[in-house]
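Below is one structure, written out as structure tokens; comments come after it.
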Amino acid sequence: MLDVKNLSMRFGGLLAVDQVSLDVQEHEIVSIIGPNGAGKTTVFNCISGFYKPSGGKILFEGKEVQGKPDYKISRLGMVRTFQHVRLFNKMTVVENLLVAQHRHLNTNLLSGLIKTPNYRSREQKSLDRAAYWLERVGLLDLANRDAGNLAYGQQRRLEIARCMVTEPKLLMLDEPAAGLNPAETKDLNQLIVSLKEDYNVSVLLIEHDMSLVMDISDRITVINQGRPLAAGTPDEVRQNDDVIKAYLGEA
Amino acid sequence: MAAHNFKHALFCAVVTMVIAFPILGLNLVARGTRVGLEGADASTIISVFVAAAIVFFFQLYRDTIMGNLGKLPALNPLAGREPMPQAKRVKLESWALTGIIVLALFWPFFVSRGSVDLATLVLIYVMLALGLNVVVGLAGLLDLGYVAFYAVGAYTFALLSQYMGISFWMALPIGALLAALFGLVLGFPVLRLRGDYLAIVTLGFGEIIRILLNNWTSITGGPNGIGGIPEPTLFGMEFGRRVKEEGNTSFHETFGIAYSGEHKVIFLYLIALVLAVITALVIRRLMRMPVGRAWEALREDEIAARSLGLSRTAVKLSAFTIGAFFAGFAGTVFASKQGFISPESFVFLESAIILAIVVLGGMGSQIGVILAAIAVTILPELAREFADYRMLVFGAAMVLMMVWRPQGLMPMRRIHIELKRQE
Ligand SMILES: Nc1ncnc2c1ncn2[C@@H]1O[C@H](COP(=O)(O)OP(=O)(O)OP(=O)(O)O)[C@@H](O)[C@H]1O
Ligand SMILES: [Mg+2]
């Protein structure tokens with residue numbers, strides 16, 4: 001469904017991403033790994049439309065999407081989380097999920113002002129969907145708290161729930177396990193697998209936690225200093241000499 | 001540290017002298033056909049020195065003074081208290097609001113005509129401030145040219161009535177919609193800009209509209225303005241002594257009461273009150289609707305909002321347009337109240353006053369904005385002898401607010417949507 005071809009991104013003199021190609025098929029979890037500063041987040045920013053790539057093509061469901069504005073990309077069904085959690089801190093947990101469903105709601109001003117039945121029913125549906133996902137990530141009891149007051153692990157889960165209420169086809173997670181304790185990481189592992197199995201969402205994952213990556217990925221792309229280094233199944237990548245040298249050897 | 005403070009304080013004192021001395025210490029006197037310069041009397045010069053000394057000592061002990069000011073407990077007695085639960089707060093607020101509205105409905109029948117007239121002006125400012133609050137407080141866009149939309153509303157009514165004989169009630173929606181259209185058209189190219197740039201460009205737009213009105217003499221009458229703007233009618237009843245428009249009747253004759261100039265003033269006040277209440281209610285609802293949440297989300301974290309499919313331009317434009325709409329509303333009422341408008345009424349100072357009301361009241365908070373509108377309009381009227389110092393007091397008030405309560409008199413507390421447990 002997602003096909004990235006020879007993607008390049010240049011910041012002034014720095015070629016942060018150099019000819020990276022990768023693809024994600026339906027019902028698949030694909031991971032991008034690489035040392036710090038390898039350009040992983042930059043790849044995400046290009047795909048999700050925050051940066052306009054300097055070169056290459058990005059196809060989503062067969063259509064070119066590179067250079068499209070970020071909000072349009074997200075409406076196509078590609079939604080991401082951020083390396084540093086970005087919630088609407090002063091809004092409540094459930095409101096965070098309502099904002100994400102903006103385009104599912106009746107945003108006509110007049111229908112909102114006089115509360116037409118259509119407006120009410122869509123608002124109720126959004127609340128139900130929000131409640132469902134809060135239950136799913138174990139935050140239902142905290143629904144009316146300010147998002148900024150949640151513990152770190154809870155914020156991470158809320159960010160994923162916030163993506164899921166938009167009903168995406170492809171979920172892009174940027175280091176979702178960073179800062180989580182082992183128990184939380186295990187829950188995250190199960191959650192991601194269940195997103196794929198039960199909700200038919202493909203996942204593109206950036207992660208430093210190798211055991212998580214190796215455990216859940218169908219395929220892995222390794223990049224180093226902006227350049228693609230290797231790609232394949234977890235076993236292939238684990239045994240690749242270049243990867244061992246550049247990545248594991250360094251650590 | 002002390003040496004640094006001393007130098008700084010000395011510098012400030014010298015600046016005070018340099019500025020104050022030529023302005024206050026020297027007088028221009030007409031001697032025949034020529035103008036001569038004369039020193040002011042001793043007391044003025046002494047006060048300049050005293051002022052410089054005050055500045056010097058204040059700057060010298062500035063840190064201590066400001067530190068102690070910040071600690072003054074009495075200023076915010078509620079600071080340490082737990083916030084009220086939302087349900088209770090909402091109830092209390094709506095009771096208070098209903099009380100205020102009922103009081104405001106009956107109040108004009110017991111006071112002087114001048115007070116009612118002033119109250120109408122307050123209500124116009126309330127409308128303006130509530131509208132600007134959407135733009136600045138809720139959407140976080142610094143608009144320094146808000147008065148332009150106010151002018152559009154006022155001039156729409158003035159021109160329509162002059163050239164086409166359209167009545168107040170027809171002009172009210174037209175004026176508001178036209179102002180909204182202006183907001184939409186002007187906002188579209190501008191809203192890509194951020195922060196300071198946006199402020200400067202909107203400032204420019206405000207001035208352009210005013211200059212346009214001033215110079216397009218053939219249509220707008222230029223600096224002479226437009227007069228003879230009709231007052232609102234009540235179901236075809238006019239409030240003047242004699243009926244001006246054919247087909248209308250007059251209010252006092254219909255009800256068989258003696259003519260009184262007060263009827264008209266009170267009627268206008270009531271219209272302004274109803275419109276202000278409608279404005280407040282509509283904006284309150286908007287805050288709880290998807291648009292309102294989108295404004296807040298974009299203000300909180302623009303990147304996250306965009307990543308979830310919110311279009312920055314569309315969301316900000318909606319705030320800009322809605323704000324302009326209410327300014328148009330207020331403009332129509334203003335034109336009708338004055339009966340005469342000219343570009344004089346739409347100078348930058350007006351934008352600044354409306355913005356000051358929003359900031360003083362606490363960005364985003366409605367009750368705060370209403371209180372601030374009352375304070376900012378009425379205080380200068382009460383203290384007319386200090387009219388010369390109005391801007392000075394204004395500036396001082398703003399500085400003090402920034403020190404003590406940067407969040408405004410009554411900072412906004414949002415009404416959250418609650419997720420009810422369904423078992
Ligand atoms: N907006 C930008 N402007 C200039 N340089 C940038 C920008 N964004 C990223 N870079 C540079 O691009 C390179 C890749 O950064 P990126 O954030 O993509 O790395 P990463 O693989 O996500 O690293 P990490 O594992 O630490 O998150 C870095 O050298 C970074 O400094
Ligand atoms: Mg990164």
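Taken over the range B:276-325, the criterion of being under 17 Å from residue A:113 (Cα atoms), surrounded by fewer than 19 Cβ atoms within 10 Å (Cβ to Cβ) and charged (D, E, K, R) is satisfied by B:284, B:285, B:288. When you look at residue A:17, is it within 16 Å of ligand 2 (Cβ to nearest atom) and surrounded by 15 or more Cβ atoms within 10 Å (Cβ to Cβ), yes or no? So residue A:17 fits the description; yes.
Total residues in the range A:28-55 satisfying the condition of being within 16 Å of ligand 2 (Cβ to nearest atom) and either in a loop (DSSP other than H, G, I, E, B) or over 17 Å from the mean Cα position of the chain (by Cα) (or both): the figure is 9.
Return yes or no: is residue A:101 within 21 Å of the chain's Cα centre (by Cα), within 20 Å of residue B:298 (Cα to Cα) and more than 16 Å from ligand 1 (Cβ to nearest atom)? Here the answer is yes, as residue A:101 does meet what is asked.
Within the range B:343-367, the set of residues being small (Gly, Ala, Ser), within 17 Å of residue B:323 (Cβ to Cβ) and part of a helix (DSSP H, G or I) comprises B:351, B:352, B:356, B:361. Among the residues of the range A:110-129, those identified as more than 7 Å from chain B (Cβ to nearest Cβ) and of a type in the set (A, V, I, L, M, F, W, C) are A:110, A:114.
Criterion applied to B:128, B:142, B:121 was being in contact (Cβ under 8 Å) with a residue 40 or more places away in the chain, assigned by TED's automatic domain parsing to the domain that holds residue B:175 and not in a helix (DSSP H, G or I), and the one residue passing it is B:142.
Could you grab me the full set of residues in the range A:143-160 that are within 19 Å of residue B:297 (Cα to Cα) and either touching a helix residue (DSSP H, G or I) at 6+ places or on another chain (Cβ under 8 Å) or charged (D, E, K, R) (or both)? Across the range A:143-160, the qualifying residues are A:143, A:144, A:145, A:146, A:147, A:150, A:155, A:156, A:157, A:158, A:159, A:160.
Scanning the range B:205-235 for residues that are loosely packed, with under 15 Cβ neighbours inside 10 Å and assigned to a loop (DSSP other than H, G, I, E, B) gives B:216, B:227, B:228, B:235. Scanning the range A:209-221 for any residue that is among the acidic types (Asp, Glu), under 20 Å from residue A:47 (Cβ atoms) and away from ligand 2 (no atom under 16 Å from the Cβ) turns up at least one such residue. Pick from B:340, B:329: which is surrounded by fewer than 23 Cβ atoms within 10 Å (Cβ to Cβ), modelled with pLDDT under 95 and away from chain A (no Cβ under 14 Å)? Exactly one of B:340, B:329 is surrounded by fewer than 23 Cβ atoms within 10 Å (Cβ to Cβ), modelled with pLDDT under 95 and away from chain A (no Cβ under 14 Å), namely B:340. Checking each residue of the range A:56-76 against the condition of being within 16 Å of ligand 2 (Cβ to nearest atom) and either closer than 19 Å to residue A:202 by Cα or of a type outside the set (Val, Ile, Thr) (or both) gives no match. Scanning the range A:54-66 for residues that are surrounded by fewer than 21 Cβ atoms within 10 Å (Cβ to Cβ) and more than 16 Å from ligand 1 (Cβ to nearest atom) yields A:57, A:59, A:61, A:62, A:63, A:64, A:65, A:66. Kindly indicate whether residue A:9 is within 11 Å of ligand 1 (Cβ to nearest atom), over 16 Å from residue A:232 (Cα atoms), of a type in the set (A, V, I, L, M) and more than 14 Å from chain B (Cβ to nearest Cβ). For residue A:9, the condition - within 11 Å of ligand 1 (Cβ to nearest atom), over 16 Å from residue A:232 (Cα atoms), of a type in the set (A, V, I, L, M) and more than 14 Å from chain B (Cβ to nearest Cβ) - is met.
Among the residues of the range A:23-53, the ones that are more than 8 Å from ligand 1 (Cβ to nearest atom), of a type in the set (S, T, N, Q) and within 14 Å of chain B (Cβ to nearest Cβ) come to 1 in all.
Among the residues of the range A:163-182, those that are in contact with a Phe, Trp or Tyr (Cβ under 8 Å, 6 or more places away or on another chain) and either within 15 Å of ligand 2 (Cβ to nearest atom) or touching a residue at least 60 places away in the same chain (Cβ under 8 Å) (or both) comprise A:165, A:170, A:172, A:174, A:179. Restricting attention to the range A:74-89, the residues that are of a type in the set (D, E, K, R), surrounded by fewer than 23 Cβ atoms within 10 Å (Cβ to Cβ) and within 24 Å of residue A:149 (Cα to Cα) total 1. Filtering the range A:86-101 to residues that are closer than 16 Å to residue A:129 by Cβ, out of contact with any Ser or Thr (no Cβ under 9 Å at 6 or more places or on another chain) and at the interface with chain B (Cβ under 7 Å from one of its Cβ atoms) leaves A:92, A:94, A:95, A:99.
Across the range B:306-323, the qualifying residues are those that are in a helix (DSSP H, G or I) and facing chain A (nearest Cβ under 7 Å), and the one among them that is farthest from residue B:189 (Cα to Cα) is B:307. Of the strands (runs of 3 or more DSSP E) lying entirely inside the range A:126-243, those containing at least 1 residues that are assigned by TED's automatic domain parsing to the domain that holds residue A:44 and farther than 29 Å from residue A:75 by Cβ span A:219-224, A:227-232.
For the range A:160-206, a residue qualifies if it is under 11 Å from the mean Cα position of the chain (by Cα) and within 16 Å of ligand 1 (Cβ to nearest atom), and the qualifying residues are A:172, A:173, A:174, A:175, A:176, A:204, A:205, A:206. Taken together, the residues in the range A:149-170 that are within 11 Å of another protein chain (Cβ to nearest Cβ) and among the basic types (Lys, Arg) amount to 1. Checking the structure you have, find out if any residue of the range A:230-251 is in contact with a helix residue (DSSP H, G or I) (Cβ under 6 Å, 6 or more places away or on another chain) and closer than 30 Å to residue A:100 by Cα. Within the range A:230-251, none of the residues are in contact with a helix residue (DSSP H, G or I) (Cβ under 6 Å, 6 or more places away or on another chain) and closer than 30 Å to residue A:100 by Cα. Among the residues making up the range A:112-135, those that are surrounded by fewer than 17 Cβ atoms within 10 Å (Cβ to Cβ) and touching a Lys or Arg at 6+ places or on another chain (Cβ under 9 Å) are A:113, A:115. Number of residues in the range A:67-88 that are of a type outside the set (Ser, Thr, Tyr), touching a residue at least 40 places away in the same chain (Cβ under 8 Å) and either assigned to a loop (DSSP other than H, G, I, E, B) or within 13 Å of ligand 1 (Cβ to nearest atom) (or both) equals 8.
The values are calculated or read from the model by the stated rules, or taken from the named source; none is laboratory data. Bear in mind that the values here come from a model prediction, so they are computed numbers and not experimental data. Don't worry about glycine lacking a Cβ; one is built from the backbone with ideal geometry, like all the others, and counts go over all protein chains shown.
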